[in-house]
Structure formats: structure tokens, C-alpha cells
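Inspection log for the structure reproduced underneath, given as C-alpha cells.
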Number of protein chains: 2
Amino acid sequence: MFEERIRCADLRSRVMSADQAAALISDGMTVGMSGFTRAGDAKVIPFAMAERARRDPFRITLLTGASLGNDVDRTLTEAGVLARRLPFQSDATLRKAINRGEVMFVDQHLSETVEQLRTHQIGPVDIAVIEAIAINADGSIVPTTSIGNSASFAILAEKIIVEINLTQPLELEGLHDVYIPRRRPHRMPIPLTDPSDRIGETAIPVPPEKIAAIVVSEKADSASTILPADAETAAIANHLIEFFEHEVRRGRLTTSLLPLQAGIGTIANAVLSGFIHSPFHGLTMYSEVLQDSTFELFDAGRLDFASGSSITLSAETYRRVFADIGRYKSRLVLRPQEVSNHPEVIRRLGIIALNTALEADIYGNVNSTHVLGTHMMNGIGGSGDFARNAYMAIFATKSIAKDGRISSIVPMVSHCDHNEHDVDILVTEQGLADLRGLAPRERAAVIIERCAHPQYRDLLRDYYKDAVTHIGGQTPHRLERAFEMHVRFRETGSMLASTAEAAA
Amino acid sequence: MFEERIRCADLRSRVMSADQAAALISDGMTVGMSGFTRAGDAKVIPFAMAERARRDPFRITLLTGASLGNDVDRTLTEAGVLARRLPFQSDATLRKAINRGEVMFVDQHLSETVEQLRTHQIGPVDIAVIEAIAINADGSIVPTTSIGNSASFAILAEKIIVEINLTQPLELEGLHDVYIPRRRPHRMPIPLTDPSDRIGETAIPVPPEKIAAIVVSEKADSASTILPADAETAAIANHLIEFFEHEVRRGRLTTSLLPLQAGIGTIANAVLSGFIHSPFHGLTMYSEVLQDSTFELFDAGRLDFASGSSITLSAETYRRVFADIGRYKSRLVLRPQEVSNHPEVIRRLGIIALNTALEADIYGNVNSTHVLGTHMMNGIGGSGDFARNAYMAIFATKSIAKDGRISSIVPMVSHCDHNEHDVDILVTEQGLADLRGLAPRERAAVIIERCAHPQYRDLLRDYYKDAVTHIGGQTPHRLERAFEMHVRFRETGSMLASTAEAAA
Ligand SMILES: CC(C)(COP(=O)(O)OP(=O)(O)OC[C@H]1O[C@@H](n2cnc3c(N)ncnc32)[C@H](O)[C@@H]1OP(=O)(O)O)[C@@H](O)C(=O)NCCC(=O)NCCS
Ligand SMILES: CC(C)(COP(=O)(O)OP(=O)(O)OC[C@H]1O[C@@H](n2cnc3c(N)ncnc32)[C@H](O)[C@@H]1OP(=O)(O)O)[C@@H](O)C(=O)NCCC(=O)NCCS
């Protein structure tokens, strides 16, 4: 029955139930699971673990590529299994446990986790749990809709559990490009000079002996939770397309631009979709997650090639794309996140990086992770790998949140993920601020007038003027007032000054 | 007379006075000058410019490699010549003008300036002013004690002024390795896999026609202003050496460690000097500036090779080293700062990066640039290129400044240059905090107990406890109190709570 999926005959005897396989995982272990932006996650072992933990509590350190789908993080959190979690998550229940201090969340640049594991700075990984479409005759593992950190988890782990997922089509085989940098001091350049280059293997090379268990699953990837474009995301897309047209006119870019990276989420997806009705063509992507917009751009003849670490689609796009995956396969590659997010490749290719901010300040510093400076949303993800090393780093956000009670442009970010040196372009539905070559005082004027919501501009202008007058400096601030808007939101439910105050 | 130094006969007619050459520079121009950490700066043109500006005011944008010596920045500031300055400076007079908002200072990652110039995102450079030991027969320029951004300034500028410095020894020839990455999308990997690799030319290739003027100078580089090691810097060095010994025992590093980068300044120099009495040998450096300690390590037989972008020495070491430069030359190379600080090479080689913080917070975020969050000290320099992409990023600082009236460990950094994702090790004279794999709440305990000065520990513990109790989150903060210590310093001259307050 499994000939097609388990091509190494010796391994067929290791097929077992999820409960049996999960029994390999015990208290205190470090477990590396597949899964990146909801795609290609392990889908049965985590539930067996949760089930067991309810009877017989145990706690582990869980490493993944990025976020998981299928409520895996919720289920493991509720079962009390997670002591420590890295490098990224986006689950509402886990997030609450993290913010209560119950789960230690180590929020990392996505390119760094396996570098640290490989050099024993964190870890070691006791067990890897990897979703696969198949195991080859030589034991090598063919991943499904994501690679993420799976290859290095499998290579570095003591033992491997493979989840063969029968719903993941065998046609995915050949899509992956597994390249693992050599250990230092013998590391060579990564020989990748174009997003379409293939530099590695199509499967994860591991000796079959290390595969301790194989479990069969038939659970599908969770669909992406992306929202349709709205007036604001469409306005952001339009500002950016106008900006790129301007750059082409100035001779700084060609109409093929440079390889695009786009973060996860509604805004990034909307911007990419916006390229369908633009003068750009022959585009390429060198990104982490490939969303619906990637396939819309293929279909519109705008995009030539897309390199990612995962494919995360809405239910509808998933059906359409996977029914006809052969049509896209020659223009797609999935890479380990260490390669998709590698500083070397990002700088060499000259990526245009588009990521989303929760808030930005008047000097162009960006907070992507901490609500009101303290509460974790998802994590920094790959945004830091890209923004620091890109040709151009763009951050987008709506100018307000929570029906206008929060301004996403503030005097000082309450947490800094990307500092002014890494933020070239800031864009909201109000407009676009081109910050390249500007000093902080110049940035303030541009950001307030172009990006802030009109209802917050006076507050921001006043703050800036007050800071310049009373304190001055390269980056004028009144530290005692820097978080006034945040504190007011906490106390009154809105960052807006009350009319009484405003009149005073 | 100049046969030896101006080997292209046609160019000898372009020798002129500094005043004549400086007349090529006019109002509104962008000028790219050589100079990196006081070494190899243009030493006569700037004074001729200042002289002229006093009679006939004009303003320019000045780009350099990094900081200049010889009071060039002061002189140009006082003459009102600087409208805009990038990417780094360290001059007391210029700093004041920047902080008054009179000079727009664009503080950049040192690897990025020429990338942005090359792609016309900033610039263009009208005139390059490059200090050289010689001009070759083909017009190519042999730099002196630094390369910095000189090669790309010369290549990209409309015209070039060369300052031939007769005090810079001709023996420097052959020390430089000028490699310029190809333009995208045709860029290839940088073929550098060991700090000692030579991958480019020994001179800056420019057509002789572009050299519009040659000026002769006999002014020496300014000596470095490094202070001798004191009890605190010695304690920092000892903590770090003990830490590296521990890493070797754990099998994470060999006794040759990995290539070292060390920031400019007294602390970094003291730490490197500390290696003289350590069990480490066969060391290499892949750094920006090579200071006295580099040569002490050579002499002690500890260091095999050093790659940098400049050589900046104390007067005494300068005399000793340059009297005998042949002895060191085969173990030294100077590279453009784009290469010395390149993310690709930093990640590939696995650099151990050591930089200095002004302040760090209890969660491991670092401020390297802004005094009290507003006033520019020097700039971020290369610290962001290295910290983000290194194998390991170490930040060092004394635990207190200004006789204890300032704590360098604070609840929240008043400006964030390096966020917690980029800070692996934090060290003060009090002790060392190994932050790898720790979540923010765990970091707080380690940083307060190991790194903070005892007289500030209670204040920090109280802040943390209060933030956890009242707000919680991944990174607990009371935003209204986050800068209490900074504000108190401004108001009372000390971050310490007054005894009255403390008793309340
Ligand atoms: C920043 C990030 C959370 C934005 O996500 P998004 O879905 O595009 O943005 P939204 O505008 O829908 O905002 C998400 C939530 O944050 C809230 N929010 C937005 N701005 C806010 C602010 N300044 N303060 C507080 N909350 C804010 C929104 O109201 C919304 O809340 P809800 O979930 O209760 O509706 C997300 O992009 C992220 O996690 N980024 C970091 C990782 C990253 O960049 N990865 C890139 C490579 S994958
Ligand atoms: C951070 C930096 C300024 C420290 O310099 P340093 O000379 O090693 O450090 P010192 O401890 O002597 O401090 C320098 C000054 O800052 C003051 N200082 C130190 N900590 C301070 C703090 N937390 N708040 C305010 N002032 C502080 C010191 O008192 C001293 O003042 P002084 O000049 O009036 O005596 C310097 O390393 C720098 O500019 N770094 C950024 C660039 C960089 O890292 N480059 C690396 C690659 S070259």
C-alpha cells in the first residue's frame, strides 16, 4: 500500500500509530517540527502528544520553521506541553500564554535558528517531526508544502518521526531545493545568483536508521487567513506602484524591478495583487511564503519565477493551484528558510523587501511585534533578515487601528524591531514617505505629513515641536512624553487627546 | 621629483595648490572623501575649502568612509561648509552642530553607503577627494592607511582630486585589496572564504582623465585617542576570555575561535589586548579598524592574520609599526568597507563581533548612538552590519558612566540600535550575561544580576517586578516609567533615586 510513499522497504516496518510514535517524545526534550506559515506542519503527532499530556503531563521545547496551522500551537498550549517555543508563532491561545509568562518565547530572526543549532549555541534537537509526501529508497525525506527548518532539524536530530501525508500530492516532488551550508571554517559561497537557481537536492538527506517512526496522516494544510483587499490596502498598493513607476522613470529600476520579498498577511498580499494592473512584468519573487497573489501574478503573466520556503493559500486558491500544480512547478522552488532568508543571498540579489509594521514612529523606527510595547503579536519572523540586508526595505501599515483609537504613527515606537537605518520607505493608505538619505528631523516632517492619519497629525506635530524646542538633538524626544499616546490608550481606550485636554 | 608617486606622466601637469584644487568644489555639491577612523583622510583640501568658505560661503554634502582625523570635521563645521554629513563621524564640534539641527547627519550602516550611491538611491558624487601614496601609470590610485569608501567614491564620482601624501610610506603599496561587487542582477558571490584571501586589485582602477587635480601633502594621520586599559576594561576582558574558554570546553569553538571583529574604542582594544595572556592562538581578525591591539597580538604570536578597512594607531605604536611595516605586511590586508562589513562575508566566516554600547536595557536591547535617547554621539558605524549577521554578537559597556550618576543598564533603552535578537552576549565589568536562547523575562534576571552595577540593581529589580505585576507581556514594561531614570538624570543630575524618594 505504501510502496509509492515509503520507497525504502526496510522502513515500512516502522509505520505505527501516532500514539506509539508520540511516545518517543518525553519530558524535557527539544523537538523540531516542520511547518512554516501554516504550511507543511506535522498534523497528527502534536495531537497525540497533547492527548498523552492530559493524562501524563510533560513539557518540551518546540522549534518550528515559523507559524503552524491546524490549531497545533493552541492544542499543545492547552495541554500544557510547551515550556519553550521558538522562533515564531501566530496563534491566539499560545500568544496569551506567552504574554502571561507561561511559555518562554524566543523570538528569532528566521535565518538564525538552525545556525545556532548547528553550532550548539541552542539545542540540541532530540527529535524531529517532519511532514513528508514520501521517503526515498535511500531514506531521504521529500517535504510537503514548506521546508522551513525541516532539513536541518532532521539532519541534526537524534531521531526522526516522519508524518507521511496522503493528501499532499506526489506532484510536489521536485519542487524543493535542499541546500545546507557547510560548517565553518570551510563554508563556501552559496552558489545562487538568480531566484530560479537550483543548488541542492530535492529531498532531505538522512540515513534511514535515524527514522524511528512513520505515521500516516490525511489532514490538509490549514487555509491562509488572509482578508480580501479593502480600501486602505488598495490605497497602500497604489502608493507603492506609483513609487515604483517613479523609480523606473528615474532609471533606478527596470520594469522587472528586482526580486520581491513580501511578508505574510493581508497588506503584503494586496500589494502584490496590485501588480496585476501595473506596467511591471518579468517580475521575480525571492520570498519566504508564497501566498495567493503569487499565483494571481503567474496567471496574469506578470511573474516569471517565485522562490519561497512555503506555499500558504486560501482554500479556493489551494484547490485551483493544486489541481494543476504541473503548470506552475517549473516556475517555483521551495528552499530552507536559512537560504530563503540568507543575508548573503538577500544582499547579492538586491531584494525589494516589503513587510508590515504594527506601528512606526515619526523618525522611521518600526515595531512589528509588540502591541503597546509589551504584548507579543507573532514575532519578528524574517522581516529583520530582509530589512537589514535588502536593496530597499519597505514597511507598510494602515495609519490607524481599532477604528481610529490607535494611531500606527507614534512619537516613539514602544518596541523597536527595525530601526531607522533599516527603513527606506514607509507607506500607509495616507501616502508614502521616501526616507532614503534623510536625517531624523527631515524624516519626522515627511512621515507626519505623508503617513499619519489626519486626526493624529496635530498631536504628532506638537510632540515634535515640543521635543525640538525643549531638548533638540539628532532625534528630538521628550522622554517623559514619548509614550503619552500609548498610556492614554491604556487609560482611556483611545490615543486621541480628549477634547478637554486638547483645548487646554 | 614626483616620478615615484605620480607614475602617469600625463598627470604630472595636474599637480596644483590646494586652493586651486578646492576651487573645483562648489556650493551644493556632494563630495566623497577618503578617511576611516581617522586614517587615510584627505588632509589639505578640506582646509582650503574651509578657508575659502570663510570668504565666500558655500555648503556641501560630505560623505566619507567613517570618522576623520586632523580636525577636518571640526574645521569644516566651523566654516559652515557642512549641510549634510554621512555615514559616520566622531567629532565634538560637528556632533554639537548635528545636535543643534544645523548639520543633517544621515547615520548609516557602513556597508550600505556605496550600495545606495551605486544604485542612485542617494548621491550622485560630484567630486571624490582621495588620499593616496601614489598614482600608477594607468591612473589607478593607491590608497594610504584606509580604504573605507574611497574606491567607490572615485569610481562613481564625476571628477577626482588626489592628495598625494609624502609622509605615508610607499611600503603600504600591495596592502590593499580593492574588490567591487558587480551591479545587479549580474552580481556574483564574493569569492572570499578566509580572512586572508585576496580577491581584488591593489589600487583603485580609474581612468586618468577623471583625475582633475593632484595636491601634495605632508600631514600625518591623527593618532588614535584610545585610553589605556583600566580596572573596568580589564575586568570586561577577563569575563570575555573566561567565557571563550568555557565555549572551547563545551566544544563550541576551537582555541583559534572564529574571525574576530572589534569595534573602535578603548573597551574593544582592551579586550583584544587581553588575548595576549590567554590560551588562544592562531587567531584571525576580520574587522573594520585595526588598532594597537592587533599589532600587540601579532607580536605576541597570537594572531595569524588581520583584515580591516583602516589602520588607526597611537603615536607610539604607529612609529614602531610603520618603521617595520614589511614585517607585518604579509599578514595584513585593507579592504573597502563594503567588503569588510559585507553581510555575505560576515555570515559566511562566522564572525565573533565585539562592539560597544552606550546603554543596554534589561531585555538586551542596545543603544550605541544616542545619549539620553536624543543626542548623537558618533553613529551606528559598522556595528549593525556585524551584529545582525555575525556568528555571535557581543556588546560591552561599563555598568556606570559619569562617576555612577548614569547606569548603562536601564529599564528601556532610550534609543534602540541593536534589538534583543542581535545581542547574544552582554558584558560589563560586573559580569557577563549569556542571552542565547533566552526569552526576554529570562534575560531580565540575568542582565540585572550579572551586568548592572550593584547600586542600580534594586531600582531595576523594582521596575521589572512592577512591570510584570501590572502589565505583563512578552517584554513587560510600564511605559510611563520606562524612562524614569533618564528623566531623573536630566532633572537631578543622577539616575539614582534620591534617598528621600528611595525611602518613600
Ligand atoms: C505586524 C503584523 C502583526 C501585521 O499583521 P496584519 O495582519 O497584516 O495587520 P493588521 O492590520 O490586520 O493588524 C493585526 C492586528 O493588530 C492590530 N494592530 C494594528 N496596528 C496596531 C497598533 N499600532 N497597536 C496595537 N494593535 C495594532 C490590528 O487592529 C489587528 O488586531 P486584531 O487582530 O484584533 O484585528 C504582521 O505582519 C506580523 O506579524 N509581522 C511580523 C513578522 C513579519 O514581518 N514577517 C515577515 C516575513 S513572514
Ligand atoms: C558607544 C561608544 C560611543 C562608546 O565609546 P567608548 O569610547 O568605548 O566608551 P566610553 O565608555 O569612553 O564612553 C564615551 C562617552 O560616553 C559617555 N557615556 C557612556 N555611557 C553613557 C550612557 N549610558 N549615557 C550617557 N553617556 C554615556 C561616557 O561617559 C563618555 O563620555 P565623555 O566622552 O564625556 O567622557 C562607541 O563605541 C561608538 O560610537 N559606538 C558606535 C559605533 C560602533 O559600534 N562602531 C563599531 C564599529 S567601528
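Of all beta bridges DSSP finds with both residues in the protein assembly as shown, what is the antiparallel percent, to the nearest 5?
If I count the DSSP bridges inside the protein assembly as shown, around 25 percent turn out antiparallel.
When Cβ neighbours within 10 Å are restricted to other protein chains, what is their mean count per residue of peptide A:113-123?
Values: counts 0, 0, 3, 5, 0, 0, 7, 5, 9, 3, 1.
Other-chain Cβ atoms within 10 Å of each residue's Cβ, averaged: 3.
Packing-wise, with mean Cβ within 10 Å as the measure, how do B:309-315, B:386-392, A:69-75 rank, highest first? Before the final figure, lay out each step's value.
On the way: B:309-315: 25.0, B:386-392: 26.9, A:69-75: 21.6.
Packing proxy ranking, top to bottom: B:386-392, B:309-315, A:69-75.
Between region B:159-238 and region A:57-111, what's the alpha-carbon centroid distance in Å?
The two parts, judged by their Cα centres, are 48 Å apart.
Among B:40, B:110, B:99, whose Cα lies farthest out toward the positive end of the dipole of region B:2-217, if unit charges sit on the beta carbon of Lys, Arg (+1) and Asp, Glu (-1)?
B:99
If we sort B:263-270, B:448-455 on the protection proxy, mean other Cβ atoms within 10 Å, highest first, what's the order?
Values: B:263-270: 25.0, B:448-455: 18.1.
Ranked by mean Cβ neighbours within 10 Å, highest first: B:263-270, B:448-455.
Below 8 Å between Cα atoms, with a sequence gap of 6+, how large is the relative contact order for region B:194-338 in percent? List each step's numbers first, then the result.
Numbers: 189 pairs, mean separation 34.7, N = 145.
Relative contact order comes out at 24 percent.
Once the principal axes of the Cα atoms of region A:391-466 are found, what is the range along each, listed largest first in whole angstroms?
Extents along the principal axes, in whole Å: 34, 27, 23.
Return the average number of partner chain Cβ atoms within 10 angstrom of each residue Cβ along peptide A:475-488.
Working: counts 10, 5, 8, 4, 12, 7, 2, 6, 8, 2, 1, 3, 4, 0.
Taking the mean over all residues of the peptide, I get 5.
Return the sequence-ordered ³J(HN,Hα) values of region B:21-28 in whole Hz as given by the Karplus equation 6.51 cos²θ - 1.76 cosθ + 1.60 applied to θ = phi - 60°, using x for Gly and Pro.
Working through the residues one at a time gives 5, 5, 5, 5, 9, 10, 3, x Hz.
Take every Cα pair under 8 Å in region B:231-455 that's 6+ residues apart, average their separations, divide by the length, and report that relative contact order as a whole percent. Don't jump to the answer; show the numbers that get you there.
Values: 466 pairs, mean separation 43.0, N = 225.
Reported as a whole number, the value is 19 percent.
So for chain B, Kirkwood radius off the Cα pairs, Stokes-Einstein at 20 °C and 1.002 mPa s: how many µm² s⁻¹? Could the numbers behind the result be given before it?
Numbers: Rh = 23.6 Å.
Rounded, D is 91 µm²/s.
Restricting to chain A, compute how many DSSP beta bridges are antiparallel as a %, nearest 5. Numbers along the way, then the final one.
Values: 17 of 67 bridges.
Of all bridge pairs located within chain A, approximately 25 percent are antiparallel.
Across peptide A:99-109, how many C-beta atoms of other chains are within 10 Å of each residue C-beta, on average? Could you put the intermediate results ahead of the total?
Numbers: counts 6, 3, 9, 0, 2, 7, 4, 10, 7, 3, 5.
Average per residue, whole number: 5.
So for the pair residue B:170, residue A:210, with labels modelled 7 Å out along Cα→Cβ, what separation do we get in nm?
5.9
Once label points are set 7 Å from the Cα along Cα→Cβ at both residue A:256 and residue B:19, what is their separation, rounded to one decimal in nm?
Result: 5.5 nm between the two label points.
Considering only C-alpha atoms, what is the centroid distance from region A:266-299 to region A:378-401, in Å?
Rounded to whole Å, the Cα centres lie 17 Å apart.
Mind giving me the FRET efficiency for residue B:102 and residue B:465? R0 is 60 Å, r the Cβ-Cβ distance, nearest 0.05 is fine. Before the final figure, lay out the partial values.
Working: r = 44 Å, r/R0 = 0.73.
Plugging the Cβ-Cβ distance into 1/(1 + (r/R0)^6) gives 0.85.
Please get the size of the charge dipole for region A:2-217, origin at its Cα centre, with Cβ charges of +1 on Lys and Arg and -1 on Asp and Glu, quoted in debye to the nearest 20.
Dipole magnitude for region A:2-217 comes out near 580 debye.
State, as an integer percentage, the relative contact order of chain B based on alpha-carbon contacts under 8 Å between residues 6 or more apart. Show your work: numbers first, answer last.
On the way: 1172 pairs, mean separation 66.6, N = 504.
The value is 13 percent.
Quick one: what do you get for the protein assembly as shown if you divide its Cα Rg by 2.2 N^0.38 Å? Don't jump to the answer; show the numbers that get you there.
Values: Rg = 28.2 Å, N = 1008, 2.2 N^0.38 = 30.5 Å.
Dividing the Cα radius of gyration by 2.2 N^0.38 Å gives 0.93.
Report, for residue A:462, each distance to the same residue's label point in the other copies, shortest first and in nm; define the point 7 Å along Cα→Cβ.
Copy-to-copy label distances for residue A:462: 3.2 nm.
Report the calculated FRET efficiency for residue A:183 and residue B:249 (r = Cβ-Cβ distance, R0 = 30 Å), to the nearest 0.05. Don't jump to the answer; show the numbers that get you there.
Working: r = 19 Å, r/R0 = 0.64.
Efficiency, rounded to the nearest 0.05: 0.95.
Do the sum for chain B: with -39,500 (n - 2.57) for every DSSP H run of n ≥ 4, divided by all residues, what is the mean residue ellipticity at 222 nm, to the nearest 500 deg cm²/dmol? List each step's numbers first, then the result.
Values: 18 runs with 153 residues, N = 504.
Value at 222 nm, helices only, nearest 500: -8500 deg cm²/dmol.
Given the C-alpha atoms of region A:231-455, compute the convex hull and give its volume per residue in Å³. Can you show the working numbers first?
Details: hull volume 27.5 nm³, N = 225.
Dividing the Cα hull volume of region A:231-455 by its residues yields 122 Å³.
Order by neighbour count: A:33, A:285, fewest other Cβ atoms within 10 Å first, most last. Working shown, then result.
Numbers: A:33 28, A:285 25.
The fewest-first ordering by Cβ neighbours comes to A:285, A:33.
Among B:43, B:96, A:398, what is the fewest-to-most ranking by other Cβ atoms within 10 Å?
Values: B:43 27, B:96 15, A:398 20.
Lowest count first: B:96, A:398, B:43.
Less than 26 Å apart at the alpha-carbon level, and either on another chain or at least 8 residues along: which lysines does that give for residue A:159?
A:43, A:210, A:219
With no other cysteine's Cβ closer than 4.7 Å, which Cys residues of chain A count as lacking a disulfide-compatible partner?
Taking the Cβ cut-off of 4.7 Å, the unpaired cysteines of chain A are A:8, A:451.
Can you classify region A:147-287 as rounded, prolate or oblate using the Cα gyration tensor, where a ≥ b ≥ c are the square roots of its eigenvalues, rounded means a/c under 1.5, and otherwise it's prolate if a/b beats b/c and oblate if not?
Details: a/c = 3.06, a/b = 1.66, b/c = 1.85.
It comes out oblate by the Cα gyration axes.
Which value, in debye to the nearest 20, describes the size of the charge dipole of the protein assembly as shown about its Cα centre when Lys and Arg Cβ atoms bear +1, Asp and Glu Cβ atoms bear -1, and nothing else is charged?
Approximately 20 debye in magnitude.
Quick one: check the C-alpha center-to-center distance for region A:17-56 versus region B:319-360, whole angstrom.
That distance is 46 Å.
Antiparallel DSSP bridges in region A:100-229: what percent, to the nearest 5?
On the way: 5 of 16 bridges.
Rounded to the nearest five, the antiparallel share is 30 percent.
Show me the ranking of peptides B:408-419, B:464-475 by mean Cβ neighbours inside 10 Å, starting with the highest. Each step should come with its number before you reach the end.
On the way: B:408-419: 26.6, B:464-475: 18.3.
The packing order, highest mean first, is B:408-419, B:464-475.
Could you tally the net charge around residue B:222, taking each other residue with its Cβ under 13 Å from the Cβ of residue B:222, Lys/Arg +1 and Asp/Glu -1? Write out the running numbers ahead of the final one.
On the way: positive: B:38, B:43, B:74, B:219; negative: B:41, B:71, B:73, B:91, B:131, B:221.
Counting the neighbours of residue B:222, the net charge comes to -2.
Only the coordinates and a few stated rules stand behind these numbers; no lab work does. Just so it is clear, the model here is predicted, and its values are computed rather than measured. Methodologically, a virtual Cβ is constructed for each residue, glycine included, from the backbone with ideal geometry; neighbour enumeration extends over all protein chains shown.
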